[in-house]
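Report on the following structure.
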Amino acid sequence: VQLQASGGGLVQAGESLTLSCAASVGTFSRNVVAWFRQASGEDREFVAVISRSFRMSYADSVKGRFTVSRDNAKNTAYLQMDSLRAEDTATYYCAAVRTILTADVSTLRRYDYWGQGTLVTVSS
């Protein structure tokens, strides 16, 4: 599975942005899809995940502001980001894996496929 993340850009604090993660194959629907982000000089961190059955989970730092979704017919997952803050500035990556334990959804090494990242910059 090849993943292509897009939609990043420069926005003002308080504004919204939607990221997309397009998969190359039709088996996308069989994969769990997650979003991670990495700020400059920081470790990559978990943001959100959506399961094959459309269950969603979020990091506490984005809960209530970000929404993860997927459209299996388009082999694409999305990350809707509202009320953006300066601390949301990072390169955002999508990742996918066929199966994963619920306890492991925030663990980077559990994911088999990664997109190239898209930069989100939030100015305050």
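Where does each of 35-41, 11-17, 73-79 land if you order them by average Cβ count within 10 Å, highest first?
The packing order, highest mean first, is 73-79, 35-41, 11-17.
Of all the Cα-Cα pairs you can form in segment 22-124, what percent are over 22 Å apart?
Within segment 22-124, distances greater than 22 Å cover 25 percent of Cα pairs.
Projected onto the charge dipole of the chain (+1 at Lys/Arg Cβ, -1 at Asp/Glu Cβ, origin at the Cα centre), which of 92, 27, 8 gives the Cα projection farthest towards the positive end?
So the residue we want is 27.
Mind giving me the nanometre distance, one decimal, between the label points for residue 39 and residue 18, set 7 Å out from Cα along Cα→Cβ?
It works out to 2.7 nm between the two label points.
For segment 16-57, what relative contact order do you get, as a whole percent, if you take Cα pairs closer than 8 Å and at least 6 residues apart?
30
Rounded to the nearest 10 Å², what accessible area does residue 43 have for a 1.4 Å probe in the complete protein model?
130
Separation between the residue 57 and residue 86 pseudo-spin-labels, each 7 Å from Cα along Cα→Cβ, expressed in nm?
If labels sit at residue 57 and residue 86, their model points lie 3.2 nm apart.
Which order do 88, 112, 71 take when ranked by solvent-accessible area (1.4 Å probe, heavy atoms of all protein chains), largest first? Each step should come with its number before you reach the end.
Numbers: 88 0, 112 100, 71 45 Å².
So, going from the largest accessible area down, we get 112, 71, 88.
Relative contact order for segment 22-124: what percent, with Cα pairs under 8 Å and sequence separation of 6 or more?
Relative contact order of segment 22-124: 30 percent.
Using label points projected 7 Å from each Cα along Cα→Cβ, tell me how many nm separate residue 121 and residue 109, to one decimal.
Inter-label distance under the simple model: 3.4 nm.
The values are calculated or read from the model by the stated rules, or taken from the named source; none is laboratory data. Here the structure is a predicted model, which is why all the values come from computation and not from measurement. Virtual Cβ from ideal backbone geometry, glycine too; neighbours counted across all protein chains shown. These accessible areas exclude ligands, DNA and RNA; they are computed on the full protein's heavy atoms, side chains included. Shrake-Rupley method; radii C 1.70, N 1.55, O 1.52, S 1.80 Å.
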